[in-house]
Amino acid sequence: MLFNSVEFLVFFPIVIALYYAIQYKWRWLLLLAASYIFYGSWKVEFLSLIALSTLVDFYVGKQLYENTDPKKRWKYLLLSLGLNLGLLIFFKYGSFLANLALPIAPIPEWRKNQIVSFLAFDLPVGISFYTFQTMGYTIDIFKNKIKPEKHLGKFALYVSYFPQLVAGPIERFKHLQPQLLANNKLTYRNLCHGARLMLYGFFIKMVIADNIAPLVDAVFESPLEYSLITRWTGILGFGWQIYADFYGYSLIAIGAARCMGVELITNFKTPYFAKSIQDFWRRWHISLSTWFRDYIFVPLGGSNVNKVIWIRNILVVFILSGLWHGANYTFIIWGAIHGLFYLIERSIKVPNRSFLKPIHWLKTYLIVSFAWLFFRAEDISNAMEVLFGADSMYSNKYLDLPFELVFGFIIFIMLELLFKSDSVNSVLNRTPFAVRWSGYGVIIFFILSFAGTTNHPFIYFQF
Amino acid sequence: MEIVKKIGLRILLLAVIAIATSAIYKRYFYQSFLEKEGFLLYRLNRSVNADYLFFSASSDYTFDSINDIDTSRVSVLTMNYCTKSVKSIAGGAHHAGVFKQLIKHIPKNTIEGIIVSFNIRSFSPKWLTGINENLLQKYTALYKPNPVLISRLTGSLKFYPIRTQKELEQERNAYFSSWPLPYLFPKNTVKNWYSNERRFSTNDSIANISLEYLKSFAFVINDNHSRTKDFDEIVELAKSKNLKLILHVLPENMDEARRLIGDSLTALIQANRDFAIARYHNPTASVWVIDNLEKVRHVDFTDRDFPTEHYNQNGRTIIAKSIAKQLNAIK
């Protein structure tokens, strides 16, 4: 069930109405049932994986809390990490690893074909998100930062809470669970704030991302037919497509949770206004970057180590964050580009004068966009084709930018500037009623009239 | 109470915005949207001055513009042999499921009739689960005669069946293994047929194209077939709109089907043609089925490595003459 689907537009109001209608003590059950319906709508079989992850981590969490023997605690932690990473590796990287290993494996060809066809299953939606969320839970208990949830059903709700289940934000138990179990009252403020975020999310997903997508697809599918400028339009376009797609999804998720009185963490803070790679990662997919910081970078020693180890730590984190997105060399290169430029920026001291700000911004924007080229490309040769083209007289096709995308994009940029220094709801709360509703009118007009009609599910669902 | 009042007021405002949007969209943007993304409906809206509308897939136009002297469509060629004006509403891989939605848009008493291609291959599992099916389902949703904004939203919210390539393939394979054929084993299903004949297991071009013919034509059309229901609905629509209806059974490459597979396959194709005639041909109800199935010979088909309904100039002319003859005969 996609957020931008008729099914969700029916499902969500029903859940909200029931949420406030039923007794507080049964809300967790309603949300759990809703979350499993939501997730099961992709494929019922996927529910078994999330249920397995839930059961094991619930058990591990309890054992970690009750046991004081360090050896036993390590064993339990390894069980949790092993299961979650095992699921991730098997479903996400199994086919990739098999393709690497099979050519040199001393087994007959028919057996190799059997293995390849066995591993050619659909990737369970959102597996990278919920496995990371539950691993965070067990690691936090291991570090004695939190106490485990005693109720299996309520823990299952933490793992599967539907607004953020399939593409984040990746939530911490300490932040999310008390809110899920709180007796949230029906307030106009929560409904209004949630609805505003959802509306803005629908706008940037359906009008911006879904209208850019066919243009980007055209360039990456046959790059040799396009000129240099058009190919770069495709690369820059993808940067905006993935931002609008993922930010739009996150806003809908955060808005949906807000309608129930739950505040999910902010996942984006106008990342394309960043003035360095470090700044970019403080603004882009914040829930993932902080996860890597807290559970990988810091345990590796963080910044309080010698320079060589620090460089290693930085590169490990960036390359792993690339790999997190999928089993392809292109994602590793994407992560490595970010890591390398991060290190270069940190090594070169550039004066932070105000007149240099536009240059820092432009430099960051171009590096990030260049890295997106690898993220989007099917493989490295596709990336090279998009980058270098064919240099022939036939490379003369151009992209026809639809007017609705141009105007929609102008509105999007204006809103981004408006929300740069404050949250969407803070800005809107300060805006006079008539102006605010005129704005809603324009946004709704664009969604109803100009939303893209090509079939492009949320990009991050595949991760 | 306060919250209900506040929400009520906002719902009212949203309703006003939606109504205003609908009016503005219909007045200023809908036609340009159709021109880009729903071209057949756009064309249909501009074609109601013709005598007949000609609903077809790619069989209408040429794929051999190098050898054809006259590259005209079948619909255009038809006008050379009759006095009626015919306008083409044709789109690649389109089938009766899409046509019926388009036909719903024809205003009553504006045209004399419609000509609809009866493509036997469009009933095959390969077409039902083809790579274009998601796109065709989108068109079907866009062309439904809903208020324009609802129609637009069904497209943008993807409120139509979307299946992954894997799902389509699984469905196709299920058809091949379960659809019964009126023969004894091993020809009782498509899967058994090709699994048990040695010639299909080799990997040469003859084996490949033979297999394609088998998968494209070895099936039996019956009352419950989804495409049959589409045609049933087209017949009803034509009746309700007082339109004369001509279904013309498209020529298939029977020479090649006979050469590659044999009479057991051509008999199935002929039986499916007979089903169409028996079910729909009813001149007293202004429905005519033209049987063109075996009128075009192998040399007039332009594709050699796949079964298609793509004809050269001669092939298209034969079809056009046949349709024109029927048009001339209609009083």
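Can you tell me which residue in segment A:187-214 is surrounded by the fewest Cβ atoms within 10 Å (Cβ to Cβ), limited to those that are in contact with a Lys or Arg (Cβ under 8 Å, 6 or more places away or on another chain) and touching a residue at least 24 places away in the same chain (Cβ under 8 Å)?
Restricting to residues being in contact with a Lys or Arg (Cβ under 8 Å, 6 or more places away or on another chain) and touching a residue at least 24 places away in the same chain (Cβ under 8 Å), the top hit is A:190.
Assess whether residue B:102 counts as being at pLDDT below 95, open to solvent by less than 20 Å² (accessible area, probe 1.4 Å) and hydrophobic (A, V, I, L, M, F, W, C). If you could, list the steps in order and put the result at the bottom.
Details: at pLDDT below 95: no; open to solvent by less than 20 Å² (accessible area, probe 1.4 Å): yes; hydrophobic (A, V, I, L, M, F, W, C): yes.
In short, no.
Give me the residue from segment B:254-307 that is among the β-branched types (Val, Ile, Thr) and under 22 Å from residue B:68 (Cα atoms) and, out of that set, farthest from the chain's Cα centre (by Cα).
Taking segment B:254-307 first, the residues among the β-branched types (Val, Ile, Thr) are B:261, B:266, B:269, B:277, B:284, B:287, B:289-290, B:296, B:299, B:302.
Among the residues that remain, those that are also under 22 Å from residue B:68 (Cα atoms) are: B:296, B:299, B:302.
On the way: B:296: 20, B:299: 24, B:302: 20 Å.
My answer is B:299.
Kindly indicate which of B:139, B:175, B:160 is assigned to a helix (DSSP H, G or I), within 14 Å of chain A (Cβ to nearest Cβ), aromatic (Phe, Trp, Tyr) and under 26 Å from the mean Cα position of the chain (by Cα).
Numbers: B:175 fails: within 14 Å of chain A (Cβ to nearest Cβ); B:160 fails: assigned to a helix (DSSP H, G or I).
None of the other options fit; the residue is B:139.
Hey, does segment B:87-96 have a residue that's within 21 Å of residue B:221 (Cβ to Cβ) and touching a His at 6+ places or on another chain (Cβ under 8 Å)?
Of the residues in segment B:87-96, the ones within 21 Å of residue B:221 (Cβ to Cβ) are B:93-96.
The next check asks that each one be touching a His at 6+ places or on another chain (Cβ under 8 Å); those that pass are none.
Checked segment B:87-96: no residue is within 21 Å of residue B:221 (Cβ to Cβ) and touching a His at 6+ places or on another chain (Cβ under 8 Å).
Filter segment B:105-133 for residues that are open to solvent by less than 30 Å² (accessible area, probe 1.4 Å) and within 14 Å of chain A (Cβ to nearest Cβ) and give the result.
Residue satisfying the conditions is B:133 alone.
Can you tell me which residue within segment B:33-63, out of those that are facing chain A (nearest Cβ under 9 Å) and open to solvent by 50 Å² or more (accessible area, probe 1.4 Å), is nearest to residue A:402 (Cα to Cα)?
First, pick out the residues of segment B:33-63 that are facing chain A (nearest Cβ under 9 Å): B:33, B:36-37.
With open to solvent by 50 Å² or more (accessible area, probe 1.4 Å) added as a condition, the list becomes B:36-37.
Values: B:36: 10, B:37: 12 Å.
Out of the qualifying residues, it is B:36.
Within segment B:234-244, does at least one residue satisfy the condition of being part of a loop (DSSP other than H, G, I, E, B), small (Gly, Ala, Ser), in the same structural domain as residue B:186 (by TED's automatic domain parsing) and open to solvent by less than 20 Å² (accessible area, probe 1.4 Å)?
Step one: filter segment B:234-244 for residues part of a loop (DSSP other than H, G, I, E, B), giving B:241-243.
Now drop any that are not small (Gly, Ala, Ser), which leaves none.
Checked against the condition, which is being part of a loop (DSSP other than H, G, I, E, B), small (Gly, Ala, Ser), in the same structural domain as residue B:186 (by TED's automatic domain parsing) and open to solvent by less than 20 Å² (accessible area, probe 1.4 Å), segment B:234-244 yields no hits at all.
Scan the helices (runs of 4 or more DSSP H) fully inside segment A:114-188 and keep the ones with 2 or more residues being more than 23 Å from residue A:76 (Cα to Cα) and out of contact with any Asp or Glu (no Cβ under 8 Å at 6 or more places or on another chain). Break it down stepwise before answering.
On the way: elements: A:127-142, A:152-160, A:162-165, A:173-181.
Once the helices (runs of 4 or more DSSP H) in segment A:114-188 are filtered for at least 2 residues that are more than 23 Å from residue A:76 (Cα to Cα) and out of contact with any Asp or Glu (no Cβ under 8 Å at 6 or more places or on another chain), what remains is A:162-165, A:173-181.
Kindly provide the set of residues from segment A:1-44 that are of a type in the set (Phe, Trp, Tyr), within 14 Å of chain B (Cβ to nearest Cβ) and either over 23 Å from residue A:455 (Cα atoms) or in contact (Cβ under 8 Å) with a residue 40 or more places away in the chain (or both), ordered by number. Give the derivation first.
So the first thing to find is which residues in segment A:1-44 are of a type in the set (Phe, Trp, Tyr), and the list is A:3, A:8, A:11-12, A:19-20, A:24, A:26, A:28, A:36, A:38-39, A:42.
Next, only the ones that are within 14 Å of chain B (Cβ to nearest Cβ) stay: A:3, A:8, A:11-12, A:20, A:42.
If the condition is that a residue be of a type in the set (Phe, Trp, Tyr), within 14 Å of chain B (Cβ to nearest Cβ) and either over 23 Å from residue A:455 (Cα atoms) or in contact (Cβ under 8 Å) with a residue 40 or more places away in the chain (or both), then A:3, A:12, A:20, A:42 are the ones that fit.
Let me spell it out: the conditions are (1) hydroxyl-bearing (Ser, Thr, Tyr); (2) within 19 Å of residue A:346 (Cα to Cα); (3) surrounded by fewer than 18 Cβ atoms within 10 Å (Cβ to Cβ), and residue A:289 meets all of them except one. Which number is the exception?
Evaluating residue A:289 over (1) hydroxyl-bearing (Ser, Thr, Tyr); (2) within 19 Å of residue A:346 (Cα to Cα); (3) surrounded by fewer than 18 Cβ atoms within 10 Å (Cβ to Cβ) leaves (3) as the failure.
Name the pairs whose Cβ atoms lie under 6 Å apart, with the first residue in segment A:426-437 and away from chain B (no Cβ under 14 Å) and closer than 15 Å to residue A:415 by Cβ, the second open to solvent by less than 40 Å² (accessible area, probe 1.4 Å) and aromatic (Phe, Trp, Tyr), and 6 or more positions between them or separate chains?
Taking only residues 6 or more apart or on different chains, the pairs are A:427/A:419.
Of the numbered conditions (1) open to solvent by less than 20 Å² (accessible area, probe 1.4 Å); (2) among the small types (Gly, Ala, Ser); (3) within 30 Å of residue B:266 (Cα to Cα), residue B:72 fails exactly one; give the number of that condition.
(1)
From the list A:445, A:407, A:355, A:461, exactly one residue is open to solvent by 70 Å² or more (accessible area, probe 1.4 Å), within 14 Å of chain B (Cβ to nearest Cβ) and assigned to a helix (DSSP H, G or I). Which is it? Don't jump to the end; show me each part of the working.
Values: A:445 fails: open to solvent by 70 Å² or more (accessible area, probe 1.4 Å); A:355 fails: within 14 Å of chain B (Cβ to nearest Cβ); A:461 fails: open to solvent by 70 Å² or more (accessible area, probe 1.4 Å).
It is A:407.
Taking into account only those residues within segment B:11-20 that are closer than 17 Å to residue A:436 by Cα and more than 8 Å from chain A (Cβ to nearest Cβ), which is surrounded by the most Cβ atoms within 10 Å (Cβ to Cβ)?
So the residue we want is B:16.
The values are calculated or read from the model by the stated rules, or taken from the named source; none is laboratory data. None of the values given here were measured: they were computed from a predicted structure. Note that we place each Cβ from the backbone using ideal geometry, even for glycine, and neighbour counts take in every protein chain shown. For the accessible areas, the whole protein counts, side chains as well, though only heavy atoms, and no ligand, DNA or RNA atoms are used. Shrake-Rupley method; radii C 1.70, N 1.55, O 1.52, S 1.80 Å.
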